[in-house]
Amino acid sequence: MSQDLRAERYRLAGELFHRKDYAGALAILDELIAAHPKAAPLHYHRSRCLNALGRPGEAAHALDAALALAPDHVPTLLARVELAEEHFEELDTLPLLRRAITREPDNATALFHFARTVLDQTRVSDSADSVAEALRHLDRSIELDPQRAEAWARRGQYHHLRAHDTGEGEAAIRDALGMSYDRPSLELALSDLRHAAGLREDNQYDRLCARIAALLDRHELSVEHMDRVLARLPADAPARGFVQEERDRYARGKEGEREELAELVESAAATEGVERNMKEDMEHALSHATAQLVRQGMDLQTALESLAGDDSPEGMQATQIAFQLYNIAHEADPDLTEVDPAEFPAFQRKHAEACEKALAPLGYTRLACAEARGVSAQQGQRSLLGLFTHPEYGSAAAFAARPRWPGLFGFLFLLLTGQWKTARMLECGTRFEDGFLMNSRAAGPDPFDTSGIRDFSFEKLPPKATPRQVAERHIQRVAERLAQGHSVVPADSLEAIEDSWRTANERKREYRKSIGYATDEELRALLGKHYEKLADPIRDRLKLFADAEG
């Protein structure tokens with residue numbers, strides 16, 4: 001084959017390659033190599049055709065053949081490295097890259113690949129010399145080719161990792177999980193990654209920018225980068241909903257991040273239904289107490305250490321009791337909903353029916369059979385409410401519950417008290433137009449004093465008082481206030497009863513917070529012989545809740 005013919009065939013192979021006729025180009029190159037097996041450029045171009053045809057193994061052999069003939073040819077060295085990276089080949093590419101850099105010290109591509117390879121293989125704390133060399137090469141690569149988005153991104157990723165490894169001292173910041181980061185390193189990471197995102201539209205770059213900006217409390221910038229991601233996603237993209245949630249979380253600032261983490265912690269102890277056993281109650285208390293501290297601004301690690309650092313039985317009991325005491329002041333909204341009584345145990349239905357018979361002669365009529373679903377979910381126990389209304393004296397609620405944790409209207413049954421009899425209660429309540437609340441019921445095992453609650457009068461009758469006796473005494477108390485010129489707000493709907501319930505909760509919360517959630521007298525009555533062992537740990541945890549709440 002003459003030299004002119006070889007040149008013409010070589011030119012045609014190049015033309016076919018650019019027209020994406022890789023098989024045609026490969027056939028010509030094989031023909032030329034058969035005649036000139038030691039022509040390194042032919043092997044190099046053959047590898048390009050093979051790789052384009054999806055034959056990376058053969059492409060690698062072709063490049064190895066080219067390097068055997070021309071070991072210092074930089075384009076071939078870089079092609080071999082890039083092929084290995086593209087197909088995750090187990091090949092030590094650093095010797096090849098060092099050879100390329102020795103040959104061309106200012107080759108931006110060689111410098112970038114060398115730096116990325118070293119940084120991918122070396123932890124920040126492993127080899128300071130190797131990392132320093134890689135960073136010098138990376139800086140020089142960016143200087144030589146500032147349009148290479150990958151180089152900016154890799155340097156930003158390095159600073160991001162370094163921020164976590166060096167997150168100590170005055171410059172450290174902590175995320176919601178309790179992980180520490182070095183603020184200056186995060187600032188460098190964000191600067192480089194934003195530069196990369198400006199050069200290339202890449203969702204990974206923008207999402208990492210959003211995460212780092214949130215760590216730096218720059219949530220508006222986080223939202224800006226997430227909006228860039230959303231703008232690229234088709235309306236029907238499967239990931240769009242997840243990305244939108246992430247964007248909305250950043251839009252809520254630190255509160256959004258804390259809420260997401262708190263919900264995750266709570267879900268760890270979630271049960272399939274409302275009802276919980278004692279073990280589930282313990283897990284629920286710990287997870288929800290932890291979540292509450294997270295919501296109030298404490299990081300997860302600190303919250304867990306504070307609540308569960310002492311994993312002794314006494315420590316866990318103290319956490320559980322403290323959380324239930326805290327819940328007395330932060331009872332969930334009732335969410336009163338009419339229900340079918342048949343869904344509830346017979347003892348609850350019978351008690352509601354007995355109260356209806358006792359109240360009817362006094363002028364009370366049944367309003368509804370209901371459940372306070374918000375309270376049920378909080379307490380892990382469902383209770384049927386028989387709700388009754390009186391045209392002059394307000395409402396009454398009949399409920400029966402086996403003792404567990406905070407009772408329906410704020411009383412506490414504890415395993416420690418040993419009082420495991422089913423509680424059958426009737427509580428009468430009246431709201432006056434001046435906002436004053438008046439409640440009456442028979443005394444239970446709870447030791448809680450309500451005398452300090454603003455605009456609220458709660459009278460406990462003797463424990464054995466019957467539902468009729470409770471209602472008669474309540475009517476007497478209301479009549480005395482009516483005689484003073486006050487008037488009653490009608491309680492003729494679930495909405496009216498729920499509104500009064502919420503108002504009582506708000507005043508109870510205000511009072512409980514003012515006394516640190518439980519007085520010493522209440523703790524002594526509640527804990528009995530366990531007071532010396534549990535009182536101080538319970539106080540510590542209550543103070544933790546109060547301090548976190550601010």
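The values are calculated or read from the model by the stated rules, or taken from the named source; none is laboratory data. Note that the coordinates shown come from a computational prediction; the quantities given were computed from them, not determined experimentally. Using ideal geometry, Cβ is built from the backbone for each residue, glycine included, and neighbour counts are taken over all protein chains shown.
Structure above, values below:
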| quantity | calculated |
| --- | --- |
| Selection within the stretch 69-94 - under 14 Å from Phe114 (Cβ atoms) and either of a type in the set (S, T, N, Q) or touching a Gly at 6+ places or on another chain (Cβ under 7 Å) (or both) | Thr93 |
| Criterion: at pLDDT below 80, part of a helix (DSSP H, G or I), under 24 Å from Arg502 (Cβ atoms) and of a type in the set (Gly, Ala, Ser) - qualifying residue of Ala303, Ala289 | Ala289 |
| Test set (1) part of a helix (DSSP H, G or I); (2) at pLDDT 80 or above - Pro334 fails condition number | (1) |
| Helices (runs of 4 or more DSSP H) lying entirely in the stretch 1-108 (those with 2 or more residues that are among the acidic types (Asp, Glu) and under 56 Å from the mean Cα position of the chain (by Cα)) | 56-69, 74-86 |
| Residue that is modelled with the lowest pLDDT [pool: residues in the stretch 392-410 that are farther than 13 Å from Leu426 by Cβ and of a type in the set (Phe, Trp, Tyr)] | Trp405 |
| Complete set of residues in the stretch 346-390 that are touching a residue at least 40 places away in the same chain (Cβ under 8 Å), part of a loop (DSSP other than H, G, I, E, B) and either buried (at least 23 other Cβ atoms within 10 Å of the Cβ) or not charged (D, E, K, R) (or both) | Tyr364, Gly380, Gln381, Leu384 |
| The stretch 99-115 residues that are closer than 19 Å to Ala68 by Cα, paired with ones that are in a loop (DSSP other than H, G, I, E, B) (beta carbon under 8 Å, 6 or more apart) | Arg99/Pro71; Arg99/Asp72; Ala100/Asn107; Ile101/Asn107; Arg103/Asp72 |
| Total residues in the stretch 167-206, condition out of contact with any helix residue (DSSP H, G or I) (no Cβ under 6 Å at 6 or more places or on another chain) and assigned to a helix (DSSP H, G or I) | 6 |
